[in-house]
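**Q** First, the structure itself, so that you have it in front of you.
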Amino acid sequence: MKALLRIEDLILILLQVYSAQTEFSVQVPKEPLVAHVEKSILLPCHLSPAVSAEGLEVRWVKVGDEHPVHAYAKGADLEGKQSPGYRGRTHLFKEELGTGNVSLQLSSVRVSDEGSYQCYVLSSSWFSESTMNLMVTGQGSSPRITLLGLQGGGVSLLCESEGWFPKPKLQWRNVKDADLTGRAVLTEKQGTDGLFTLLSSLQISQQEADGIICLVRHGEEKRILQTRVHITGEFFTLVSSSWKSLSVFFIVFLILVGLCIPVAVYYNRKKMKETVELANSNLEAEWDKLQINSAAVILDPETAHRCLIVSEDGKRVRNEMEEQNVPDNKQRFDEHQFVLGREGFTSGSHYWEVEVGDRHSWKLGVTCESAERKGRFDLNPSEGYWVIQLRSGGGLCAFNVSLLKNPKKVGVYLDCEAGGKDLVIVSTVKDGSNNVQPKADPKV
């Protein structure tokens, strides 16, 4: 029996032969493209006329790089020739090559991706290439103002914001819109990921404390994120009177110490012993309370970010640093590298522990079921997140409240009946005992 050639097959063969013998040009956008850090971007490129590119060689090259961003030939991707920094992050739409579409999808955009890109197409008798520019921008966090304390009769404030590219401008202003930036001390840090962190300290007087604003201006659009702090006059009065009282107390105390050193030492040691015994008793009681409410938390892989892999038993998770090929859904995080437990809690008290080991950074806590999971957002109670975090080089904190440093194990205590969410830090020492810091409440 002879095989019959369908008319569709004949057209396809003729089209491929025609494309191999036809001159073509590569068309790309003339205006620069703007990509956002950790997002995806389409680099458009089409053949004109719209001949098939299935039998052609397609290369995407970043100007200045030794290896191609993406290479395709003879119906397959040439992964062995691809630049290591782009592996797993590029995608050619093979189903559209027949229409001359050789556009490239670039995912998980990094600061280092910024630059000029060449779309290069080659046949057996002809080639064409064209260049486009890609600009990368990183939208950082809202500025946070922290009260550092009294200094020289005034108050010292710290404003911090991270995750920006290119470098933004940080400004201090008062309620009368007067610029106070010239008095501030600014520190700029660029991380290994290319993103900028800004820290600025400013000392203000009591007269200026009725309203201080820290704002960040970014990009040509001059997008502004700002935070305002108000310090009442009573704060200065109370602190000043406290210092005066404290000074008198120290003078009297030094006199008494000079006269009664032996007695003071004896009572001091006795008092310290009683305090330690009372603290140990309270800690043991708090620890027993936590253990009664122990809960088993099993991780839900359907909520895990594409870079995270959950173990089969749902008790461990690891970060592969590269996005995995998993289906997208409404429950899955696409920006923050988080994973949730399978079961939620609506009543009672519950306590569970997480082994964090010697990691230099992590975030964990509790969230509402209705909280946003897509895109970038601030991790605070107003967004439905109660989180503590260990930042590289910055210590452990919950909403700018310093806690224990570098624990091996972290416990989370959830009290649904009280309507609050208490985070409890549990650090395991070498002898296997536990140090408990109860109710480090993040609802600040």
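**Q** Within region 331-356, take every residue that is part of a loop (DSSP other than H, G, I, E, B) and over 20 Å from the mean Cα position of the chain (by Cα) and give me the one that is surrounded by the most Cβ atoms within 10 Å (Cβ to Cβ). Please lay out each step first, then the result.
**A** Residues of region 331-356 part of a loop (DSSP other than H, G, I, E, B): 331-340, 342-348, 356.
Of the ones still in play, those that are also over 20 Å from the mean Cα position of the chain (by Cα) are 342-348.
Values: Arg342: 12, Glu343: 10, Gly344: 11, Phe345: 14, Thr346: 6, Ser347: 7, Gly348: 11.
Result: Phe345.
**Q** A follow-up question, please. If you scan region 72-118, which residues turn out to be assigned to a strand (DSSP E or B), open to solvent by less than 40 Å² (accessible area, probe 1.4 Å) and closer than 16 Å to His46 by Cα? Walk me through it before giving the result.
**A** Taking region 72-118 first, the residues assigned to a strand (DSSP E or B) are 72-73, 76-77, 90-92, 101, 104-106, 115-118.
From the residues that got through so far, the ones that are open to solvent by less than 40 Å² (accessible area, probe 1.4 Å) too are 72-73, 90, 92, 101, 104, 106, 115-117.
Selection gives Tyr72, Leu92, Asn101, Leu104, Tyr117.
**Q** For region 149-183, give me the residue count where each residue is open to solvent by less than 60 Å² (accessible area, probe 1.4 Å), closer than 19 Å to Ile224 by Cα and touching a residue at least 24 places away in the same chain (Cβ under 8 Å).
**A** Taking region 149-183 and keeping what is open to solvent by less than 60 Å² (accessible area, probe 1.4 Å), we get 149, 154-165, 168, 170-174, 178, 180-181.
Now restrict to residues that are closer than 19 Å to Ile224 by Cα: 158-165, 168, 170-174, 178, 180-181.
Now narrow it down to the ones that are touching a residue at least 24 places away in the same chain (Cβ under 8 Å): 158-165, 168, 170-174, 180.
The qualifying residues number 15.
**Q** Out of region 381-410, which residues are on the phi > 0 side of the Ramachandran plot, modelled with pLDDT under 75 and in a loop (DSSP other than H, G, I, E, B)?
**A** Hits for region 381-410 are Gly393, Phe399, Asn400, Asn406.
**Q** Also, quick follow-up: Can you pull out the residues in region 22-34 that are of a type outside the set (Ser, Thr, Tyr) and either open to solvent by 50 Å² or more (accessible area, probe 1.4 Å) or modelled with pLDDT under 95 (or both)?
**A** Applying the first criterion (of a type outside the set (Ser, Thr, Tyr)) to region 22-34 yields 23-24, 26-34.
Passing the criteria: Glu23, Phe24, Gln27, Lys30, Glu31, Pro32, Val34.
**Q** Assess whether Ser125 counts as being surrounded by fewer than 18 Cβ atoms within 10 Å (Cβ to Cβ) and touching a strand residue (DSSP E or B) at 6+ places or on another chain (Cβ under 9 Å).
**A** Numbers: surrounded by fewer than 18 Cβ atoms within 10 Å (Cβ to Cβ): yes; touching a strand residue (DSSP E or B) at 6+ places or on another chain (Cβ under 9 Å): no.
Judged against the criteria, Ser125 is not a match.
**Q** Additional query: Does at least one position in region 359-380 carry a residue that is within 18 Å of Cys416 (Cα to Cα), without any contact (Cβ under 8 Å) to a residue 40 or more places away in the chain, more than 13 Å from the chain's Cα centre (by Cα) and not in a loop (DSSP other than H, G, I, E, B)?
**A** Yes, the conditions are met somewhere in region 359-380.
**Q** Can you run down the residue pairs with Cβ atoms below 9 Å, 6 or more apart or on separate chains, where the first is in region 80-93 and at pLDDT below 95 and the partner is in a helix (DSSP H, G or I) and open to solvent by 80 Å² or more (accessible area, probe 1.4 Å)?
**A** Arg87/Glu79
**Q** Something else now. Exactly one of (1) modelled with pLDDT of 85 or more; (2) more than 22 Å from Ser161 (Cβ to Cβ) is unmet by Leu364. Its number?
**A** Result: Leu364 passes all but (1).
**Q** Here is a follow-up. Can you give me the number of residues within region 39-71 that are open to solvent by 40 Å² or more (accessible area, probe 1.4 Å) and out of contact with any strand residue (DSSP E or B) (no Cβ under 6 Å at 6 or more places or on another chain)?
**A** The total comes to 10.
**Q** Name every residue in region 310-325 that is without any contact (Cβ under 8 Å) to a residue 24 or more places away in the chain and surrounded by fewer than 16 Cβ atoms within 10 Å (Cβ to Cβ), in order of residue number. Steps first, answer last, please.
**A** Step one: filter region 310-325 for residues without any contact (Cβ under 8 Å) to a residue 24 or more places away in the chain, giving 311-313, 315-321, 324-325.
Passing the criteria: Ser311, Glu312, Asp313, Lys315, Arg316, Arg318, Asn319, Glu320, Met321, Gln324, Asn325.
**Q** Show me the strands (runs of 3 or more DSSP E) entirely contained within region 125-167 in which 2 or more residues are among the hydroxyl-bearing types (Ser, Thr, Tyr) and either at pLDDT 95 or above or touching a helix residue (DSSP H, G or I) at 6+ places or on another chain (Cβ under 6 Å) (or both).
**A** On the way: elements: 127-137, 144-151, 154-164.
Correct list: 127-137.
**Q** Those residues that are crowded, with 16+ Cβ neighbours inside 10 Å and basic (Lys, Arg), I need them from region 370-386; list them, please.
**A** Result: Arg373, Arg376.
**Q** Filter region 200-224 for residues that are under 27 Å from Val34 (Cβ atoms), part of a strand (DSSP E or B) and open to solvent by 30 Å² or more (accessible area, probe 1.4 Å) and give the result.
**A** Arg217, Arg223, Ile224
The values are calculated or read from the model by the stated rules, or taken from the named source; none is laboratory data. All values reported here derive from a predicted model rather than from experimental measurement. In this analysis, Cβ positions are derived from the backbone assuming ideal geometry, glycine residues included, and neighbour counts consider all displayed protein chains. For the accessible areas, the whole protein counts, side chains as well, though only heavy atoms, and no ligand, DNA or RNA atoms are used. Shrake-Rupley method; radii C 1.70, N 1.55, O 1.52, S 1.80 Å.
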